[in-house]
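Here the structure is laid out as structure tokens; the discussion comes afterwards.
The values are calculated or read from the model by the stated rules, or taken from the named source; none is laboratory data. The structure presented is a predicted model; accordingly, all values stated were derived computationally and were not measured. A quick note on method: Cβ atoms are made from the backbone with ideal geometry, for glycine too, and the neighbour counts reach across all protein chains shown.
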Amino acid sequence: MKYKNNTQFQHSETDRIGVMITNLGTPDKPETGALRQYLREFLSDPRVVEFPRFAWWLVLNLVILRIRPRRSAAAYKTVWTEKGSPLAIHTKDQADKLAQKLQSDWGDSLVVDWAMRYGNPSIASKLEQFNAKGVRKLLLLPLYPQYSASTTASTFDALAKDFTRRRWIPELRFVTSYHDHPGYINALCQSIESFWQEHGRAEKILFSFHGVPTRYLHNGDPYHCQCLKTARLAAEKLNLKIEEYEVCFQSRFGREPWLKPYTDETLKSLPKKGVKDVQVVCPGFSADCLETLEEIEEENKNYFLEAGGEKYTYIPALNSEENHISFLYSLINENLCNWHKPENELAKRSKLAEQCPHNRKS
């Protein structure tokens, strides 16, 4: 195997710490070609679709990629902005604000950046940049509050794949979930309460999480349980009665059973039960994206109103709200514990550099 080498390394260099936040990904453009490329990468991941590889390759390439890219491109066009994809915009904003807060404490010894599991900027490209900047300790934070093999573990797969091709890998810390972290629950509830102060409360609030096939749960994936715990903790902190909220799951794909109840079917049924005013929040999404802005805010709103509902409101994701950034800042600092460099580190490295044959040759 040919490894990625760093022949420019000097022992006099000062080690740095890298913090990378990641999210799922987005196409480069809201166009059919870009969607086909993005969906091929996304749906080819065996973590996302656990199905026999050859059979799935046939379905993906002969059916799905011939039909879905055009439909998805049309959907993306409804949420695309002048700056680009909402998910990329929000993730960049999160990284920029975190960098400002963290570097005020750590200075130049810390590098903060962001990447996407699928599409651009890729995890591999940002790892290469980190390596060039002398990052020898890496904290990677996937912005998925609830752990799932199809999201969090897939992110680790991308990281590990890059490491297998790298001669020198950094010391690693990897955050797998924060679904019940008090800071996350506080930020979520503060966002909901701020929304209520401006728009009032609805008869019922739906906690809508992205769905996964039910068999993932039966095979041991903790995602379903973590979603329920997040909703329960938030409902308790908001003092919601049991009849004032529901948990449901959106974005199902294919014919096999997914986690229930389904968000769309729940919304269609509520008016028949006398519920005419609902609000929907998506605690599994750290940033607004196609699944929240198009699917929840638009498509599912129509389902509810067409079924007899009268008022439907989507509560935005945490995005780069100050409470969210403050929580992520605290979470990152918790995981950076004991990674402070000794004050005499630079002096030690300068002495080592004088003794190193590699440096004497250069």
> For I169, which of the numbered conditions (1) touching a residue at least 12 places away in the same chain (Cβ under 8 Å); (2) within 28 Å of L138 (Cβ to Cβ); (3) surrounded by 15 or more Cβ atoms within 10 Å (Cβ to Cβ); (4) not aromatic (F, W, Y) fails to hold?
Replying inline: (1)
> Quick check, is N300 at pLDDT below 95 and either over 29 Å from S72 (Cα atoms) or in contact with a Leu (Cβ under 8 Å, 6 or more places away or on another chain) (or both)?
Replying inline: no
> Just checking, how many residues over the stretch 132-144 are of a type in the set (K, R) and part of a strand (DSSP E or B)?
Replying inline: 2
> So how many residues does the stretch 141-200 have that are small (G, A, S) and under 16 Å from D45 (Cβ atoms)?
Replying inline: 7
>> For the condition more than 19 Å from R47 (Cα to Cα) and crowded, with 19+ Cβ neighbours inside 10 Å, what is the one hit in K77, K101, K133, K97?
In response: K97
> Residues in the stretch 259-296 that are over 23 Å from the mean Cα position of the chain (by Cα) and assigned to a helix (DSSP H, G or I): how many?
Replying inline: 8
> Taking F42, is it touching a residue at least 40 places away in the same chain (Cβ under 8 Å), within 28 Å of S177 (Cα to Cα) and not assigned by TED's automatic domain parsing to the domain that holds R136?
Replying inline: yes
> V112 passes all but one of (1) assigned to a strand (DSSP E or B); (2) closer than 28 Å to N300 by Cα; (3) among the aliphatic types (A, V, I, L, M); which number fails?
Replying inline: (2)
>> Take the conditions of a type in the set (D, E), crowded, with 18+ Cβ neighbours inside 10 Å, within 22 Å of V111 (Cα to Cα) and touching a residue at least 24 places away in the same chain (Cβ under 8 Å) and apply them to D162. Does it pass?
In response: yes
> Taking T230, is it buried (at least 20 other Cβ atoms within 10 Å of the Cβ) and out of contact with any Pro (no Cβ under 7 Å at 6 or more places or on another chain)?
Replying inline: no
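For (1) part of a helix (DSSP H, G or I); (2) modelled with pLDDT under 95; (3) of a type in the set (F, W, Y), each residue gets a yes or a no:
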| position | (1), (2), (3) |
| --- | --- |
| D108 | yes, yes, no |
| K126 | yes, no, no |
| F130 | yes, no, yes |
| Y147 | no, no, yes |
